[in-house]
1. Can you work out ³J(HN,Hα) from phi for every residue in the stretch 373-383, in order, using Karplus 6.51 cos²θ - 1.76 cosθ + 1.60 and θ = phi - 60°, giving whole Hz and x for Gly and Pro?
2. Give the lysines reachable from LYS253 as a straight Cα distance under 30 Å; neighbours fewer than 8 places away on the same chain don't count.
3. If you plug each phi of the stretch 63-70 into the Karplus form 6.51 cos²θ - 1.76 cosθ + 1.60 with θ = phi - 60°, what whole-Hz ³J(HN,Hα) values come out, in order, with x for Gly and Pro?
4. Using modelled amide H (1.01 Å from N, peptide plane; none on Pro or chain starts), what sits under 5 Å from the amide H of LEU205, excluding residues fewer than 5 places away?
5. What does the helix-only formula give at 222 nm for the chain: each DSSP H stretch with n ≥ 4 adding -39500 (n - 2.57), the total divided by the residues, and the result rounded to the nearest 500 deg cm²/dmol?
6. For VAL260, enumerate residues with amide H under 5 Å from its amide H, sequence gap 5+ or separate chain, H modeled in the peptide plane.
7. Among the lysines, which have Cα under 29 Å from the Cα of LYS147 when same-chain residues fewer than 8 positions away are ignored?
8. For the chain, give the share of DSSP beta bridges that are antiparallel, in percent and rounded to the nearest 5; count only bridges with both residues there.
Amino acid sequence: MIPWTFYRTDVSRRRGVVSLLAMLYLVIFSALALGFYAATTTAAQVAWNEKTGISARLAAEAGVAFTRYHLASLDIPAGLRPDQQFEEVLMQLQTRLDGTANLAGSRVGYDAYNITIPETGYIKLDPYGEQKFRVVMSRVGDLLVTKVIGRSGSASIGRGIEITFQKAENASNIFNFGVASKGRVLTSGQSTVTGLNDPSKGSILSTSMDATPVQAGGKLISGDISLVNPTGKVQLSSGISVGGTSNQSLIQKEHVHKGVPDPRFPDVDTSVYSAFATNTYTPGMTILDNVRIPAGTNPTFNGNSLIRGVLYIETPNRVSFGGNTTVQGMIVVQNDTALNTSTNVIDFSGSVVHQQASTLPESFGDVRKLDGVFVLANNFLVKMWGNFGLVHGHIIAGQFQMGGSAEGTIEGSIITTADLPTTIDGSADVIIASTGTTRYPAGVTFGVHYTSIPGSYLEVPAD
């Protein structure tokens, strides 16, 4: 028989071990709880930071899209110096954005070095400003280096994106029209405007806001008539055919288009041609090879004349071609912003034959590459009263008049850049062979916008 004292000692030992194990488990579970708390808290903080960082990057991406859109919508005149281009970018962005809801009534800023959008603060992407961005734009030559800073959250975590923009030429559909005028278009008598091989090319566009931008009083317009003025009227003479029909109600319904988008008219810079006009005109010349006619000369060519290469006319000048004239190249005028149709006139009253510059002898060098234009005279009145064969190129003038028994096929379009009437009367026949090309002649541009350079996207610090 085992003594009672032995059992008491054994039970006491067991009770101590249980307490020790309980304390050990308590410590282990406490440590696990603290570790779990720390892990979940850290994970939540990391997740919040990542969410906020991604949100800031998305805000910066939104700023990049915003910048791309507005720079692509600019219309910067070609030929400006890089510093002038930057000033033009600033002015056009201010016009587009100052006081708008995007800037919350703020404005585009400029500190003589950088353009900032907005001037202070950020553009908010939500009502509370949780996501926002700002744009800082600087000039490097004729490139625009743009940094977009996106931020998100109350901690203002930021992400930066740098992207470089370069110039790109704007396009225009102006050459899709046979005759396109900033002024009214008036046809009368037995005159015709027809498309060669494609009747739709014999079309007319007027951007005039006059109540009656087009008076179609001639015999035939083979294409349609388009008006920028949404309430403008087309006055039709009895018996005229437009778009293939003489039914006037059908013409007005199906072949007159009102409120069409106002196309971009060209900017003209003839300096590229001026460089080739190295010979000065003297009275009595009948062969004019790369000739410059000094201002105020006012020559008249009544005999057989041959123009080869560039005939460059300084302003003011009244130049008349009354005999048989062959133009193997182009006729262009001095750059001048002022239009004066009394002192600046090119008058074709005789017969004219036109050949492309590419047919010139090799001795004419690079001038042989200047195809695509017949007359480039955006500050002159151009009058055509003689007969033409096939004209290989566009006619761009301040004002255009054609009449008498003149007839000619134009491998291009007739474009007038002043708000003055374009008239085609008498028995004049204009035949348009335009292909609506986007390959513009030298010296003819439609302004530039800015587009991002592929591969220039960089993530940068948001400071």
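Taken together, the values in this text are just the output of simple stated rules run on the coordinates, not laboratory data. Bear in mind that the values here come from a model prediction, so they are computed numbers and not experimental data. Because the Cβ atoms are built from the backbone with ideal geometry, glycine has one as well, and the counts that use them run over all protein chains shown.
1. These are the phi-based 3J(HN,Hα) values: 9, 9, 10, 10, 8, 6, 10, 10, 8, 10, 10 Hz.
2. LYS182, LYS201, LYS219, LYS233
3. x, 5, 4, 4, 5, 4, 4, 6
4. Under 5 Å from the amide H of LEU205 lie the amide H atoms of VAL179, ALA180, SER181, SER226, each far enough along the sequence or on another chain.
5. When only DSSP H runs of four or more count, the value is -7000 deg cm²/dmol.
6. It is LEU227, VAL228, by chain and number.
7. LYS51, LYS124, LYS132, LYS167
8. The antiparallel proportion sits near 30 percent.
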